[in-house]
1. Conditions: (1) over 28 Å from R320 (Cβ atoms); (2) assigned by TED's automatic domain parsing to the domain that holds A275; (3) not hydrophobic (A, V, I, L, M, F, W, C). D54 meets all but one. Number of the miss?
2. All but one of (1) on the phi > 0 side of the Ramachandran plot; (2) modelled with pLDDT of 95 or more hold for I314; state the number of the condition that does not hold.
3. I'm trying to understand the selection: among the residues of the stretch 200-220, which are in contact (Cβ under 8 Å) with a residue 60 or more places away in the chain and assigned to a helix (DSSP H, G or I)?
4. I'm trying to understand the selection: among the residues of the stretch 63-120, which are among the hydroxyl-bearing types (S, T, Y) and under 14 Å from A49 (Cβ atoms)?
5. Within the stretch 305-328, identify whether any single residue is in contact (Cβ under 8 Å) with a residue 60 or more places away in the chain, assigned to a loop (DSSP other than H, G, I, E, B), in contact with a Ser or Thr (Cβ under 7 Å, 6 or more places away or on another chain) and under 28 Å from L370 (Cβ atoms), and answer yes or no.
6. Condition test on R84, is it among the basic types (K, R), loosely packed, with under 13 Cβ neighbours inside 10 Å and more than 25 Å from R151 (Cβ to Cβ)?
7. Being surrounded by 14 or more Cβ atoms within 10 Å (Cβ to Cβ), closer than 30 Å to L257 by Cα and in contact (Cβ under 8 Å) with a residue 60 or more places away in the chain is true for just one of G162, G182, G136, G149. Which residue is that?
8. Only one of L398, L358 is crowded, with 20+ Cβ neighbours inside 10 Å and modelled with pLDDT of 95 or more; which?
Amino acid sequence: MALMPVADALSAILSGAEAMPEEMVALDAAFHRTLARDVAARRTQPPQAMSAMDGYAVRAADAVDLKARLKVIGEVAAGRPFERMVGAGEAVRIFTGGVIPAGADAVIIQEDTSVDGDHIGITEAAAKGRHIRLAGADFREGDVLLRAGRRLSDRDLSLAAGMNYPQLAVRRRPKVAVLATGDELVLPGETPGPGQIVYSNGYGIRALARAEGAEVSDLGIAADTLEATTRGIRQAREAKADVLVTMGGASVGDHDLVKRSLEAEGIDMAFWRIAMRPGKPMMHGRLGDMRVIGLPGNPVSSYVCAFLFLAPLIRALLGREHVHHAREAALLGRDLVANDQREDYLRARLETRADGTLVAMPVSHQDSSLLGNLAAARALLIRAPFAPPVAKGSPCELLRLPE
């Protein structure tokens, strides 16, 4: 089978990815959840004209002359409106958030007044509308302020509360099951035997999936046997996983059993090799409603493929408004040689010059086993297949990695 271009592989993975069903959650549980419906304001905010300052509500026409003396006829506090109308030569003591009484059209802040018994003098003329928050200045009933597909921020939750929503309709989190394979793997903290290595891939992949909004389960490490690998796949099915992510065993060696196990379970494989670096031995298929992404075993290849393919799939399953990673423009920090037939994703550090120009500096060693360089990188610098040599300072495109 020929190597599949990256764009075609992503298209195949996202094909038919429909948003998860919706569920209602309390506002406090909605942080970073994805809205399933548009949210329209249930009220007008502020509901009436209100004072933006502590001071006195007056008729502006009565408070233009600095010699004016106004009689204080009452007081307005937040939540306690004044029932009378303000007439000529009158003022009402008002506090921030108090409803502007009928007849008043300006607020003089208390620092610009002097008190003499039940009268006030002014040291600065009033202006009509000054220090007044008009009704609906923030939003009006029926205004749609949060759209379906939005991932809710902390500020969005405050807005939803102000719109009078105690709970919101959000998308169910897609269930992602992660299965590693390999006799050579031991868990962190254990002592590797001869030829063994410490298992690292799953920690980054699971964190990436959770950060995108998935519910993640760890199926552990399967031994290099068909029976063990098949058992892990069946565990994912029994758990009703929406996505099964396997790591390792995706190449063509005698001990790379994942593809054989998946096919034996009836999974229809869409592809199993991609024209990219790092990450050529990557697989994708489906078994009913469960989607399968088979990541390479090398840690950098595994993470880069998860970032490029798993993250957009989770976003699509959540119905997010933005599914694809945004590309950014930058300048190259060093010369690069010509590329071969595979699309290249170079790990790169970023720096911003004094003039605001973004510079991408590819790390010196791009081997797919080097976790130190992956952790140090802030972006993936994209090079098209057969790209010619490019000089330092040339324009380039990159995908910024999560912080």
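1. Looking at each condition in turn, D54 falls short on (2).
2. Evaluating I314 over (1) on the phi > 0 side of the Ramachandran plot; (2) modelled with pLDDT of 95 or more leaves (1) as the failure.
3. First, pick out the residues of the stretch 200-220 that are in contact (Cβ under 8 Å) with a residue 60 or more places away in the chain: 200-201, 204-205, 208-209, 211-214.
Across the stretch 200-220, the qualifying residues are N201, G204, I205, L208, A209, A211, E212.
4. First pass over the stretch 63-120, keeping only residues among the hydroxyl-bearing types (S, T, Y): 96, 113-114.
If the condition is that a residue be among the hydroxyl-bearing types (S, T, Y) and under 14 Å from A49 (Cβ atoms), then T96 is the only one that fits.
5. no
6. Details: among the basic types (K, R): yes; loosely packed, with under 13 Cβ neighbours inside 10 Å: yes; more than 25 Å from R151 (Cβ to Cβ): yes.
In short, yes.
7. On the way: G162 fails: closer than 30 Å to L257 by Cα; G136 fails: closer than 30 Å to L257 by Cα; G149 fails: closer than 30 Å to L257 by Cα.
When all the criteria are applied, what remains is G182.
8. Numbers: L358 fails: crowded, with 20+ Cβ neighbours inside 10 Å.
Testing whether each residue is crowded, with 20+ Cβ neighbours inside 10 Å and modelled with pLDDT of 95 or more leaves just L398.
The values are calculated or read from the model by the stated rules, or taken from the named source; none is laboratory data. Note that this is a predicted model, so its numbers are computed, not measured. A quick note on method: Cβ atoms are made from the backbone with ideal geometry, for glycine too, and the neighbour counts reach across all protein chains shown.
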